[in-house]
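After the structure tokens below, expect a handful of questions from me.
We did not get these values from a lab; they are worked out from the coordinates using the rules stated. Source: prediction; values computed, not measured. Every residue, glycine as well, gets a Cβ built from its backbone with ideal geometry; the counts of neighbours run over all protein chains shown.
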Amino acid sequence: MERKVRVRFAPSPTGALHIGGVRTALYNYLFARQHNGDMILRIEDTDSNRFVPGAEDYIKESLQWLGIKFDEGVGYGGNLGPYRQSERKDIYKKYVKQLLDDGKAYIAFDTPEELELKRKEIENFQYDAHTRDLMRNSLTMPQEEVSKLIDEGTQYVVRFKIEPGIDVEVNDIIRGKVVINSSILDDKVLYKSADQLPTYHLANIVDDYLMQISHVIRGEEWLPSAPLHVLLYRAFGWEEVMPRFAHLALLLKPEGNGKLSKRDGDRLGFPVFPLEWKDPKTGEISSGYRESGYLPEAVINFLALLGWNPGNDVEVMNMDELIQHFNLEKCSKSGAKFDYEKGKWFNHHYIQMMDNDKLASLFMPVLSTHNITTTPEYVSKVVALVKERVNFVKELWDQASFFFVAPSEYDEKTVKKRWKDDSATQMLELSQLLQSIDNFEDAATETSVKNWIEEKNYNMGKIMNAFRLALVGEGKGPHIFDITALIGKEETLERLDKAIKTLG
Ligand code: GLU
């Protein structure tokens, strides 16, 4: 029988969620939805040293903003919780005991100093089948001594007893069969008496089992942990329900050499975090996609294509289309260059596709910061005219401010180039002509002005450029008669008047 697809996104709350982590969450989500499966949010917070306050909320808010939804998990409920590992202490203890009872794990008392000493003594030391006999553990010490030490409260760890010389096969959906010999693995610490908590390794694997995870989709930095996953599942006798693995290739620097880091973002000016993040320790603020003006749809589309493509030229896909076309098996084995310019392109694209009223509603708060009060209807008409010129909502202000405020000064270069000796006279004539026209929204305005220019044998470009300068204050902007139609007769005449007076 086919297993129900159940995947998990299992971040550790150690800081802001990196954009690569967002892609991992997205691929899990696409895969789950496409198979009518479940998507689970598990918080892996057993390493209290690395815990960062606020990180968990940050992760949840980021994924919510992006439209990546969960069926179960921290904050979402479900029958297999709790889903925060720090709340599952007792559960893990039972499994640690099981391994100890079965002789598949052992207790080790070596202090950090003793381990350090061994590292100095033995080149490339690792705690494994070759060295465990030299160490202070329940395999080398008499049972009474072990019990005595534990009773006295001596700190210990529980280590997984890995049998050497076994070829461990990991069947990775993306990478195919990966074989690793168990001799290269060390006897991983599974549990620490000091905080009575399991390590990442044990908790991660026990929870995958208990939460009935069918597929583990995660970044390739976790590939080295996969053999341990297999061996632990085996040690517990859970082979039948071993999850399938899919290790996603790294996101690379835009230049392609090496892993994408926060420093690349700082250096090249793009965010590497979904939301702005303030480091609670240092107070350092890192920019986020949301605050930088990206639309969630654009971020999703951009990320989806970093490591996967539908195999044709189609690039623009919304979440539903991504769910439909995504193919885990077709994910790339090699890293994807983080082409942030492409991210901007997607944002531009999604702004163009957005309904003007919706876009206007996003622009309204920007207008408020400039103390503009106006109607959504008007803003909607404005954005329709200028949106093709922007990548981000906030750039709409640069492109459209003159729709809301008359120019207070005139760009010097444009004045030099466009305002000639006879411009004032010509603009005065134009102003007189415009006064006779009642409805500026009518296409007839343009015809009348053009007829007048022809009759007078004026230079069309010259008139239009001076007119634009008067209306906009510089040489940019959409079609002139689209501007006049929106700002209206009175405002147009006032701006002409002011330019004539100011520029002479
Ligand atoms: N807690 C790990 C992380 O922070 C999860 C690794 C996994 O998905 O197995 O990414």
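For the chain, give the share of DSSP beta bridges that are antiparallel, in percent and rounded to the nearest 5; count only bridges with both residues there.
If I count the DSSP bridges inside the chain, around 55 percent turn out antiparallel.
For a Förster distance of 41 Å, can you work out the FRET efficiency between the beta-carbons of D57 and T111, rounded to the nearest 0.05?
0.65
With loop defined by DSSP as not H, G, I, E or B, and exposure as at most 15 other Cβ atoms within 10 Å, which is the longest segment of the chain clear of exposed trypsin sites (Lys or Arg not before Pro)?
Excluding the exposed sites themselves, the longest stretch runs over 70-280.
Between A194 and D482, what is the FRET efficiency for a Förster distance of 56 Å, r being their Cβ-Cβ separation, to the nearest 0.05?
According to the calculation, E is roughly 0.20.
Sort I173, I437 so the one with the fewest other Cβ atoms within 10 Å of its own Cβ comes first.
Ascending Cβ contact count within 10 Å gives the list I437, I173.
For K93, give me every one of the lysines with a C-alpha distance below 19 angstrom, ignoring sequence neighbours fewer than eight places off in its own chain.
In chain and number order, the partners are K104, K161, K188, K192.
Shifting gears a bit: Apply 1/(1 + (r/R0)^6) to the Cβ-Cβ distance of E377 and E446, taking R0 = 22 Å, and write down the FRET efficiency to the nearest 0.05.
The formula returns an efficiency of 0.45 here.
What is the gain in length, in nm to one decimal, between A406 and E145 on full extension, counting 0.36 nm per residue of separation less the C-alpha to C-alpha distance? Kindly include the intermediate steps, with their values, before the conclusion.
Values: separation 261, 0.36 × 261 = 93.96 nm, distance 8.77 nm.
Length gained between A406 and E145: 85.2 nm.
Helix-only estimate, please: 222 nm mean residue ellipticity of the chain, summing -39500 (n - 2.57) across DSSP H runs of length 4 or more and dividing by its residues, to the nearest 500.
Helix contribution divided over all residues of the chain: -13500 deg cm²/dmol.
Distance between the C-alpha centers of the range 457-501 and the range 1-65? Whole Å please.
Cα centres, the range 457-501 to the range 1-65: 54 Å.
Still on this structure: Starting from the Cα-Cα distance between L268 and N439, subtract it from 0.36 nm times their residue separation and give me the gain in nm to one decimal.
Using 0.36 nm per residue and subtracting the Cα-Cα distance, I get 56.6 nm.
Run down the lysines and flag those whose C-alpha is under 16 Å from the C-alpha of K381, throwing out any fewer than 8 positions away in its chain.
Cα-Cα hits under 16 Å: K358.
Expressed in nm to one decimal, what extension gain is obtained for the pair K456 and K498 from 0.36 nm per residue of sequence separation less their Cα-Cα distance?
Here the answer is 12.8 nm.
Separate question: Cα centroid distance between the range 82-134 and the range 161-225, in Å?
Cα centroid of the range 82-134 versus Cα centroid of the range 161-225: 14 Å apart.
Pop out the ³J(HN,Hα) list for the range 445-457 in order, Karplus 6.51 cos²θ - 1.76 cosθ + 1.60 with θ = phi - 60°, rounded to Hz; leave Gly and Pro as x.
So the Karplus estimates, Gly and Pro as x, are 4, 4, 4, 4, 5, 5, 4, 4, 4, 5, 4, 7, 6 Hz.
Neighbour counts of other C-beta atoms within 10 Å: give me T414, T492 arranged from fewest to most. Numbers along the way, then the final one.
On the way: T414 18, T492 25.
So the residues, fewest neighbours to most, are T414, T492.
Tell me whether the range 251-314 comes out rounded, prolate or oblate; compute the Cα gyration tensor, take square roots of the eigenvalues as a ≥ b ≥ c, and use a/c under 1.5 as the rounded threshold.
Oblate.
Order these by the 10 Å Cβ neighbour count, fewest first: H325, H215.
H325, H215
Further question: Just tell me the longest site-free run in the chain, where the sites are GluC sites (Glu not before Pro) in a DSSP loop having at most 10 other beta-carbon atoms within 10 Å.
Answer - 285-408.
What nm distance separates the two modelled labels at S368 and D133, each placed 7 Å from Cα along Cα→Cβ?
The two pseudo-label positions are separated by 7.4 nm.
Tabulate in residue order the Karplus-calculated ³J(HN,Hα) for the range 466-473, using 6.51 cos²θ - 1.76 cosθ + 1.60 with θ = phi - 60°, rounded to whole Hz; enter x for Gly and Pro.
Per residue, the Karplus-derived 3J(HN,Hα) values read 5, 4, 4, 4, 5, 7, 9, x Hz.
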